[in-house]
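Everything below concerns the one structure shown next.
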Amino acid sequence: MTESKDQNRVVIFDTTLRDGEQSPGASMTLEEKLRIAEVLDELGVDIVEAGFPVASNGDFEAVREIAATLRNATVCGLARAHDSDIDRAGEALQSARRKRIHTFISTSPLHMKYKLRMAPDDVHAAVISSVRRARNYTDDVEWSPEDGSRSEHDFLCRCVEAAIDAGATTVNIPDTVGYAMPEEFGALITMLRNRVPNIDKAVISVHCHNDLGLAVANSLAAVAAGARQVECTINGLGERAGNAALEEIVMGLKTRKDLLPYETGVDTTQIMRASRLVSAVTGFVVQPNKAIVGANAFAHEAGIHQHGMLRHAQTYEIMDPADVGLTKSTLVMGKHSGRHAFRVKLKDLGLDVGEDALDDTFRRFKDLADKKKEIFDEDIVALVDDTVVRSNDRIQVVRLKVVCGTEGPQTAELTLRVDGTDRTTTATGDGPVDAIFRAIRELFPHEVRLQLYQVHGVTGGTDAQAEVTVRLEENGRTVNGQGADTDTLVASARAYVNALNKLMVKREKVVSALSA
């Protein structure tokens, strides 16, 4: 059972694979979930919320596989206050070395009236019965009052007390819609500690959303008030505006021990590795000015800043970049670099592609080195991201030839490999990108709406790699795809095809859920 018996220890509960995956476009395959789960385990998070087992057969299988794989972290499955949800979670977690069931029900007047259509007394009864049922499968049970920050205090206290009496060892207070302010949310935790008579028998947790940009601030205010578990995600991934970002929570605690003298079990040097993997798998690009893991987080351009940095790094850096896994490598990579040097370089950058993908990544690195005069670290990161993105794709770009210019028509001759079989066509369009996308639709017929097409250069210079992001929508299901190449048009084809592969995964999940 994962408890924070040491009052100076904050438990880190990662929900990237559950709440994070609920972000529109962030669907992951089983293999991708396993890869992320293993990195989270190595990162040192205490609990990995692996999914919502009753949601689909795919989610059930993911939770079951992760439960059988992880060696250190507790594996958690989410369940509503329904017997079938709890039983399904218990089944999925059977093989876990350490397991937790996280069950929840709404407690705010708004949710009880319009979402649940249940009276408060019925909700209270459901709290007790759901926690008791979960205890049949594990001693480690977490209970959450959904929309806790907008719940009436008397009823919230009543439900928290009942959940603990029924056997909950962790009580999580969510700011489900990101409504709270830090002082207000900290006061809510203080109120619960003062008014719930058995609160000392459970760990207080918080789960904050970022709708007002306050998820991390609210979480840290709760820790200062006595919460000893924080629920968060890599890169702040999550529904709507996202969740509290794990990297910001952990580094906030590490950096400001004068105000928050608490420890976590996270190996912060693994943060960049986890951030890059989640970004590559989901297709969600990390904004350059994102705290801790953004490309500009430790960059200095202003002359006055650079002058200060040369005198003493702490003039403008409150953290050591090495603490989050950023290193200054002395290895200069080029077309003469060998496999061993390339492997060392990946390690220096905190990247891990696995043995199966190493050959493909190294081959693409050599191809890139033949095209570019100088290979930057950012180029290698983009290569690895693209390799990870494409590693499980059923559809792959084999060959692309584009004819474009002022005279037109713009044409694209494209070969795709679909489930191992090559298909070729030539299509015309209103511009080269339109021609490419039309060719893809001819080779793999589908009806989708293109919501976003975005290009950005990985580095400066006319020979820079381009990273392309494509967002597709089908019947309310949204996916993001990524591709990278020195040829923007090739990157565009790869991004569209990657999004198409993710859309197929979503289709399978819907079919699985309907047949369950």
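The values are calculated or read from the model by the stated rules, or taken from the named source; none is laboratory data. Every value quoted in this text rests on a predicted model; they were computed, and no experiment measured them. With ideal geometry, Cβ positions are generated from the backbone for all residues, glycine too; neighbour counts draw on all protein chains shown.
Is it true that some residue in the stretch 3-10 is of a type outside the set (D, E, K, R), in contact with a Ser or Thr (Cβ under 6 Å, 6 or more places away or on another chain) and part of a strand (DSSP E or B)? Write out each step before concluding.
First, pick out the residues of the stretch 3-10 that are of a type outside the set (D, E, K, R): 4, 7-8, 10.
Remaining after also requiring in contact with a Ser or Thr (Cβ under 6 Å, 6 or more places away or on another chain): 10.
Filter once more, keeping what is part of a strand (DSSP E or B): none.
No, there is no match, as no residue in the stretch 3-10 is of a type outside the set (D, E, K, R), in contact with a Ser or Thr (Cβ under 6 Å, 6 or more places away or on another chain) and part of a strand (DSSP E or B).
Yes or no, residue by residue, for (1) within 28 Å of the chain's Cα centre (by Cα); (2) part of a helix (DSSP H, G or I); (3) hydrophobic (A, V, I, L, M, F, W, C):
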{"residue": "Cys159", "(1), (2), (3)": "no, yes, yes"}
{"residue": "Ile173", "(1), (2), (3)": "yes, no, yes"}
{"residue": "Ala180", "(1), (2), (3)": "yes, no, yes"}
{"residue": "Glu183", "(1), (2), (3)": "yes, yes, no"}
{"residue": "Leu192", "(1), (2), (3)": "no, yes, yes"}
Do we have Leu212 as at pLDDT 95 or above, among the hydrophobic types (A, V, I, L, M, F, W, C) and either buried (at least 21 other Cβ atoms within 10 Å of the Cβ) or in a helix (DSSP H, G or I) (or both) here?
-> no
Restricting the stretch 78-92 to residues that are closer than 19 Å to Glu231 by Cβ and of a type in the set (A, V, I, L, M, F, W, C), the residue that is surrounded by the most Cβ atoms within 10 Å (Cβ to Cβ) = Ala89
Members of the stretch 448-473 found to be more than 22 Å from the chain's Cα centre (by Cα) and more than 16 Å from Gln287 (Cβ to Cβ), listed by number = Val448, Arg449, Leu450, Thr459, Gly460, Gly461, Thr462, Asp463, Ala464, Gln465, Ala466
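Quick one: would you say Leu40 is more than 24 Å from Cys159 (Cβ to Cβ), in a loop (DSSP other than H, G, I, E, B) and under 18 Å from the mean Cα position of the chain (by Cα)?
On the way: more than 24 Å from Cys159 (Cβ to Cβ): yes; in a loop (DSSP other than H, G, I, E, B): no; under 18 Å from the mean Cα position of the chain (by Cα): yes.
In short, no.
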State whether the residues of the stretch 229-245 include one that is touching a Leu at 6+ places or on another chain (Cβ under 6 Å), assigned to a helix (DSSP H, G or I) and hydrophobic (A, V, I, L, M, F, W, C).
-> yes
Would you mind telling me which numbered condition in (1) assigned to a helix (DSSP H, G or I); (2) in contact with a Cys (Cβ under 8 Å, 6 or more places away or on another chain) Asp122 fails?
-> (2)
Any hit, the stretch 221-240, residues being of a type in the set (Gly, Ala, Ser), touching an Asp or Glu at 6+ places or on another chain (Cβ under 8 Å) and closer than 19 Å to Ala26 by Cβ = yes
Checked Asp6, Asp83, Asp19, Asp59 against criteria (within 20 Å of Cys208 (Cα to Cα) and not hydrophobic (A, V, I, L, M, F, W, C)); the one match is Asp19
Report yes if Ser95 is at pLDDT 95 or above, in a helix (DSSP H, G or I) and surrounded by fewer than 23 Cβ atoms within 10 Å (Cβ to Cβ), otherwise no.
-> no
Considering the stretch 116-130 alone, what residues qualify as being in contact with an Asp or Glu (Cβ under 9 Å, 6 or more places away or on another chain) and closer than 23 Å to Gln229 by Cβ?
-> Ile128, Ser130
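Here is a list: Gly51, Gly58. Which entry is in the same structural domain as Cys157 (by TED's automatic domain parsing) and at positive phi? Outline the logic, then answer.
On the way: Gly58 fails: at positive phi.
Every option except Gly51 fails the conditions.
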Output the residues belonging to the stretch 415-435 that are in contact with a Ser or Thr (Cβ under 6 Å, 6 or more places away or on another chain) and not polar (S, T, N, Q).
-> Asp422, Val433, Ala435
Within the group Val131, Val160, which residue is of a type in the set (Val, Ile, Thr), crowded, with 19+ Cβ neighbours inside 10 Å and farther than 30 Å from Arg71 by Cβ?
-> Val160
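Matching residues to (1) at pLDDT below 95; (2) part of a helix (DSSP H, G or I); (3) polar (S, T, N, Q); (4) within 30 Å of Val384 (Cα to Cα):
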site	(1), (2), (3), (4)
Asp200	no, yes, no, no
Ala221	no, yes, no, no
Leu260	no, no, no, no
Val285	yes, no, no, yes
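Which residue, of Tyr137, Tyr114, is of a type outside the set (A, V, I, L, M, F, W, C), assigned to a helix (DSSP H, G or I), surrounded by fewer than 23 Cβ atoms within 10 Å (Cβ to Cβ) and assigned by TED's automatic domain parsing to the domain that holds Leu192? Write out each step before concluding.
Details: Tyr137 fails: assigned to a helix (DSSP H, G or I).
Exactly one residue qualifies, and that residue is Tyr114.
Quick check on the stretch 270-280: of everything there that is within 15 Å of Asp385 (Cβ to Cβ) and modelled with pLDDT of 85 or more, which residue is nearest to the chain's Cα centre (by Cα)? Before you say what the answer is, go through the steps one by one.
Filtering the stretch 270-280 for residues within 15 Å of Asp385 (Cβ to Cβ) gives 272-280.
Still in the running and modelled with pLDDT of 85 or more: 272-279.
Working: Met272: 13, Arg273: 12, Ala274: 9, Ser275: 8, Arg276: 10, Leu277: 9, Val278: 5, Ser279: 7 Å.
Per the criteria, the residue is Val278.
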Kindly indicate whether any position in the stretch 428-446 is touching a strand residue (DSSP E or B) at 6+ places or on another chain (Cβ under 8 Å), assigned to a strand (DSSP E or B), at pLDDT below 90 and crowded, with 18+ Cβ neighbours inside 10 Å.
-> no
Near pairs, Cβ below 6 angstrom, 6+ apart or cross-chain, from the stretch 461-475 (within 18 Å of Lys506 (Cα to Cα)) to any residue that is hydroxyl-bearing (Ser, Thr, Tyr) and assigned to a strand (DSSP E or B) = Val470/Tyr453
Restricted to the stretch 379-394 and to residues being modelled with pLDDT under 70 and among the polar types (S, T, N, Q), the residue surrounded by the fewest Cβ atoms within 10 Å (Cβ to Cβ) is Asn392
Hey, any hits in the stretch 450-468 for a residue that's modelled with pLDDT of 90 or more and crowded, with 17+ Cβ neighbours inside 10 Å?
-> yes
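Considering every residue within the stretch 360-378, establish whether at least one is closer than 25 Å to Phe444 by Cβ and without any contact (Cβ under 8 Å) to a residue 24 or more places away in the chain. Give the derivation first.
Filtering the stretch 360-378 for residues closer than 25 Å to Phe444 by Cβ gives 360, 364.
Adding the requirement that they be without any contact (Cβ under 8 Å) to a residue 24 or more places away in the chain leaves 364.
Yes, the stretch 360-378 contains a residue that is closer than 25 Å to Phe444 by Cβ and without any contact (Cβ under 8 Å) to a residue 24 or more places away in the chain.
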The condition of being within 30 Å of Ala274 (Cα to Cα) and surrounded by fewer than 22 Cβ atoms within 10 Å (Cβ to Cβ) holds, among Ala187, Ala180, Ala221, Ala241, only for Ala241
